[in-house]
Amino acid sequence: MSRFDRLQRRVDKRERLLEGRYEQVQERKQVLVKTWREAWTPGRIVVAGLVTGFFMGRAEPVKIAVKSGNLMQIVSLLSGLFAGAGAQEAADEAGQAAGQAGRAARAAGQAADGAQAAAERSAA
């Protein structure tokens, strides 16, 4: 049996598998459509309409604000406020880090002085 024959059999097998899966998908699609249509009772349609109408009514003021440009001004104001607060926190943290670095430098200087004094004592 040649390599080509084996490949041809594999292709045939995959095609049959694909056709079977396609049929399964078609059957499941029909069941889904039937179930979907059965689920939409008149009561549910009315409730969905009311909910959609409510949210569209709530969204109308937002549309007006967007068209007038007020929403962009509010967003700009809030972003500036949050950016300022973030910058203040960063400055505070930088100040604390500088203080810690100063303390570490003093401690390192004292350690160096102590090491130099010990070296002088041992040399003498």
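Considering only segment 1-35, how many residues are of a type in the set (A, V, I, L, M) and either touching a Pro at 6+ places or on another chain (Cβ under 9 Å) or open to solvent by 100 Å² or more (accessible area, probe 1.4 Å) (or both)? Steps first, answer last, please.
Taking segment 1-35 and keeping what is of a type in the set (A, V, I, L, M), we get 1, 7, 11, 17-18, 25, 31-33.
Those left that are additionally either touching a Pro at 6+ places or on another chain (Cβ under 9 Å) or open to solvent by 100 Å² or more (accessible area, probe 1.4 Å) (or both): 1, 18, 32.
Residues flagged as of a type in the set (A, V, I, L, M) and either touching a Pro at 6+ places or on another chain (Cβ under 9 Å) or open to solvent by 100 Å² or more (accessible area, probe 1.4 Å) (or both) within segment 1-35 amount to 3.
Within segment 36-60, how many residues are loosely packed, with under 10 Cβ neighbours inside 10 Å and either in contact (Cβ under 8 Å) with a residue 60 or more places away in the chain or polar (S, T, N, Q) (or both)?
Final tally of qualifying residues: 1.
Please pick out the residue among 89, 120, 93 that is modelled with pLDDT of 75 or more, of a type outside the set (S, T, N, Q) and open to solvent by 100 Å² or more (accessible area, probe 1.4 Å).
93
Against the definition (open to solvent by less than 70 Å² (accessible area, probe 1.4 Å) and at pLDDT 75 or above), how does residue 80 come out, yes or no?
Numbers: open to solvent by less than 70 Å² (accessible area, probe 1.4 Å): yes; at pLDDT 75 or above: no.
For residue 80, the condition - open to solvent by less than 70 Å² (accessible area, probe 1.4 Å) and at pLDDT 75 or above - is not met.
The values are calculated or read from the model by the stated rules, or taken from the named source; none is laboratory data. This is a predicted model, so every value here is computed, not measured. Quick reminder, even Gly has a Cβ in these numbers, built from the backbone with ideal geometry, and neighbours come from all protein chains shown. Note: accessible area is taken over every heavy atom of the protein model, side chains too, but ligands, DNA and RNA are not part of it. Shrake-Rupley method; radii C 1.70, N 1.55, O 1.52, S 1.80 Å.
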